[in-house]
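Where a number appears in this text, it was derived from the coordinates with a stated rule and is not lab data. For clarity, every value in this text was computed on a predicted model and none was experimentally measured. With ideal geometry, Cβ positions are generated from the backbone for all residues, glycine too; neighbour counts draw on all protein chains shown.
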Amino acid sequence: MLNLIIIFGAKYLILLPPAIAGIYFLKSPREIRKRLIIFLLIALPLAYLAGLATRYAYFNPRPFVVGGFGPLIAHETDNGFPSDHVLLAATLAASLLFFDRKRAYWLAGIAVFIAFARVYAGVHHLTDVVASIIIALLCATITSKLYARK
């Protein structure tokens, strides 16, 4: 049973943060929607590019590759640093901190569970998921500073 929960968290739970952010967007007043779109149009590509840059700067083979075991979910044997799943979930959570703290905390909890599940499933090291969370927080903070200037 635990393995099924971990597999769900590692593989499919990534669909929930965009859905929660999308529902928040649709239920928000027009001015909030406009600000959120602009914020996410900066924060998400910034986080993606930062993730790519760190991926090229640091290679961390996946745990199942170095450990010689089978992961709970099928995965390529490529660089695991940073975790794309956690990066997306954490960037959405960090971005919503500037709009709706309650939803942001829920998204942060989901991002942490995704991170735990990806590590437990054997497809990421702890450093991979922690780096994703740090990148997400930095990019959302940078975005808020850029956005405040405007």
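Given R₀ = 35 Å, what would the calculated FRET efficiency be for Leu41 paired with Tyr12, taking r from the Cβ atoms and rounding to 0.05?
With a Förster radius of 35 Å, E is 0.85.
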Just want the answer: with Cβ charges of +1 for Lys and Arg and -1 for Asp and Glu, which residue in Leu96, Pro17, Gly51 is farthest toward the dipole's positive end in the chain? Leu96
Restricting to Cα pairs under 8 Å and 6 or more apart, the percent relative contact order of segment 2-149 works out to 33
Quick calc of log₁₀ I(q)/I(0), the chain, Debye, one scatterer on every Cα, no solvent, q values 0.12, 0.13 1/Å, result -0.50, -0.58
Just want the ordering: Thr91, Thr54, from fewest to most Cβ atoms lying within 10 Å of their own Cβ. Thr54, Thr91
Charges at C-beta only: +1 for Lys and Arg, -1 for Asp and Glu. How large is the resulting dipole of segment 2-149 about its Cα centre, in Debye rounded to 20? 700
Per-residue HN-Hα couplings for segment 68-74, Karplus 6.51 cos²θ - 1.76 cosθ + 1.60 at θ = phi - 60°, whole Hz, x for Gly and Pro? x, 10, x, x, 5, 10, 5
The FRET efficiency for Tyr58 and Glu31, from their Cβ-Cβ distance with R0 = 35 Å and rounded to 0.05, is 0.30
Most fluctuating residue given options Asp84, Asp128, Asp100, as computed from a GNM of the chain linking Cα atoms under 10 Å: Asp100
Any chance you could run the full-extension gain for Val112 through Val130? It's 0.36 nm times the residue separation minus the Cα-Cα distance, nm to one decimal. 5.5 nm
